[in-house]
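Below is one structure, written out as structure tokens; the observations come after it.
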Amino acid sequence: MKKFFLSIILLVILGCSSEAETKIIINDSHLDYLYREISVNGKDMAVINIYSNYPEYNYIGDDDEGFACIDDAARAAVYYLRDAQLNNNSGSIHKNKMLIEFLLYMQADNGYFYNFIWDDYSINKDFKTSVAEANWWSWRALWALTESYNYYEEIDKQYSGKLLFSIEKLIVNIKNNIPVEFTYETISGMEIPTWLIGKYASDQSSILLQGLVEYCKHTNDKIISEYMYKLIDGIIAMQVNDASSEFNGAFLSWMNEWHAWGNTQSYSLLKSYSLLKDKKLLDSARNELNNFYDNLIEKGYLTSFSVKNENGKYFVIEKKEFSQIAYNIRPMIFALMEAYKITGDEMYASNAGYAAKWLLGKNAAGVNMYDSETGIIFDGINSNSDVNKNSGAESTIEALLSLQAISQSETAAKAFLSN
């Protein structure tokens, strides 16, 4: 009841505010700065520089990996695509296409994607985070390609056909690697599915699922549809179900561990629900949103924890608060906003706005991580008194995707901008 009256008071106060006071400023100028168009063998494309360090924010590469990667380009492509859709921004469509061209350049003969390129624009094919294999960067590429395909299919059939060719090349190899056995392994007292990506990774599996959902919107591929259900079953099997636990509802990321970054299980289940209309997906996602997310937002954020199960009860083995990054928060915001779209329950939109306040100083360090005047987003929080003021690609894109998502709801925007 107390929360109810506080909510009413807040709505009355916010209702008196002007439209300008509830409009979220999304400044993507720093992302535009990280964006760079290049030409490789006569082919125009664009990359996102991975690192930009305080205080001058000059570009920084990595001696082992390179200076730009699929991981960032794919997410930036999604951001620019959505910006074009929301704001009819032709400049963003151009940037989306140039980044997509980079993804296509990085695709290997086996359908998967290399991740990094060197300063001379040659592809890093050997380092462990760049090998063309069934891994994070390939799933992010699939997500960007399928979401872009669904857009261009309506306005540019020729270009969408080019994207579909790349998508199908990857799908063929995904099919070749679908497990033939679907078994469980007991780990720390829990029955963990062994058929997820990397054997136990529900985090990676959820990103793959996002791409497969987009792919299946326009295909009747029974093999992929059946595989989607297997991924869904495996993800749901990774959920903590213990009402007495502070982690009740959380989806473990890998084996008995949870980490905040990349934990998009609820969002992927909700996107799958929109296509499949299976209520167990909605119920499972809402279990995390209504319990675990509420605890994270109310008590502050974590970066990771590990648990064990004893007779149905979950006990903490280890828990870490830091470091915290924008990529920890964005998956929560995406899931909450998707739940709002599906259910119409404004509680989810409001919680998404409150979660995003992490960017405005509602965090362990009490520091504003997003500068709306420059578009710079700090890379992370290392402790209560230590903020990483670098502003690289991942933090920038993840924060912009978060702001973009909550800007689509007045309820979320009001929660975000409230005192």
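The values are calculated or read from the model by the stated rules, or taken from the named source; none is laboratory data. A quick note: this is a predicted structure, and the numbers were derived from the prediction, not measured. Cβ: placed from backbone, ideal geometry, glycine included. Neighbour counts: every protein chain shown.
A few remarks follow.
- All positions within the stretch 132-178 that are over 25 Å from the mean Cα position of the chain (by Cα) and under 16 Å from Leu196 (Cα atoms): Asn176
- Selection status of Val78, over 22 Å from Trp139 (Cβ atoms), surrounded by fewer than 23 Cβ atoms within 10 Å (Cβ to Cβ), in contact (Cβ under 8 Å) with a residue 24 or more places away in the chain and among the aliphatic types (A, V, I, L, M): no
- The residues on offer are Gly211, Gly249, and the sole one that is buried (at least 22 other Cβ atoms within 10 Å of the Cβ) and assigned to a loop (DSSP other than H, G, I, E, B) is Gly249.
- With respect to the stated conditions, Ile224 is assigned to a helix (DSSP H, G or I), of a type outside the set (S, T, N, Q) and without any contact (Cβ under 8 Å) to a residue 60 or more places away in the chain.
- The sole residue among Ser244, Ser266 that is polar (S, T, N, Q), touching a strand residue (DSSP E or B) at 6+ places or on another chain (Cβ under 8 Å) and within 13 Å of Gln210 (Cβ to Cβ) is Ser266.
- Among residues of the stretch 114-129 that are touching a residue at least 60 places away in the same chain (Cβ under 8 Å), those with a Cβ under 6 angstrom from a residue that is exposed (fewer than 14 other Cβ atoms within 10 Å of the Cβ), sequence gap 6+ or separate chain, pair up as Phe127/Asp64.
- Any hit, the stretch 196-204, residues being at negative phi, at pLDDT 95 or above and part of a loop (DSSP other than H, G, I, E, B): yes
- Scanning the stretch 142-169 for residues that are in contact with a Ser or Thr (Cβ under 7 Å, 6 or more places away or on another chain) and surrounded by 18 or more Cβ atoms within 10 Å (Cβ to Cβ) returns Leu145, Tyr149, Tyr152, Leu163, Ile167.
- Condition broken by Thr219, with the remaining ones in (1) surrounded by fewer than 17 Cβ atoms within 10 Å (Cβ to Cβ); (2) in contact with a Leu (Cβ under 9 Å, 6 or more places away or on another chain) satisfied: (2)
- The residue list Ala144, Ala132 contains one member that is modelled with pLDDT of 95 or more, at negative phi and in contact with a Leu (Cβ under 7 Å, 6 or more places away or on another chain), which is Ala144.
- Subset of the stretch 119-141 that is in contact with a Phe, Trp or Tyr (Cβ under 6 Å, 6 or more places away or on another chain) and crowded, with 16+ Cβ neighbours inside 10 Å - its residue that is nearest to Lys95 (Cα to Cα): Ala141
- The conditions of being out of contact with any helix residue (DSSP H, G or I) (no Cβ under 6 Å at 6 or more places or on another chain), part of a loop (DSSP other than H, G, I, E, B) and either surrounded by 19 or more Cβ atoms within 10 Å (Cβ to Cβ) or among the acidic types (Asp, Glu) (or both) are met by Asp64.
- Residues (of a type in the set (Lys, Arg) and free of Cβ contacts under 8 Å to residues at least 40 places away in the same chain) located in the stretch 145-204: Lys157, Lys199
- Unmet criterion (only one of (1) among the charged types (D, E, K, R); (2) modelled with pLDDT of 95 or more; (3) more than 17 Å from Asp72 (Cα to Cα); (4) in a helix (DSSP H, G or I)) for Glu154: (2)
- The set of residues from the stretch 297-334 being closer than 23 Å to Ala237 by Cβ and of a type in the set (A, V, I, L, M, F, W, C) comprises Leu302, Phe305, Val307, Phe315, Val316, Ile317, Met332, Phe334.
- Number of the condition not met by Gly262 [criteria: (1) in a loop (DSSP other than H, G, I, E, B); (2) touching a Leu at 6+ places or on another chain (Cβ under 9 Å); (3) within 22 Å of Asp71 (Cα to Cα)]: (2)
- Meets criteria (buried (at least 20 other Cβ atoms within 10 Å of the Cβ) and farther than 27 Å from Glu147 by Cα) for Asn256: yes
- The sole residue among Asp109, Asp126, Asp119 that is touching a Gly at 6+ places or on another chain (Cβ under 7 Å) and either hydroxyl-bearing (Ser, Thr, Tyr) or in a loop (DSSP other than H, G, I, E, B) (or both) is Asp119.
- Hits in the stretch 178-208 (condition: of a type in the set (D, E, K, R) and surrounded by 14 or more Cβ atoms within 10 Å (Cβ to Cβ)): Asp203
- The residues of the stretch 258-300 that are within 18 Å of Gly344 (Cβ to Cβ), without any contact (Cβ under 8 Å) to a residue 60 or more places away in the chain and more than 18 Å from the chain's Cα centre (by Cα), listed by number, are Lys277, Lys279, Leu281, Asp283, Asn290.
- Some residue of the stretch 351-369 being surrounded by 21 or more Cβ atoms within 10 Å (Cβ to Cβ), touching an Asp or Glu at 6+ places or on another chain (Cβ under 8 Å), over 24 Å from Lys389 (Cα atoms) and among the hydrophobic types (A, V, I, L, M, F, W, C): no
- Out of Leu145, Leu104, Leu86, Leu99, one residue alone is of a type outside the set (Phe, Trp, Tyr) and more than 23 Å from Asp28 (Cβ to Cβ). It is Leu104.
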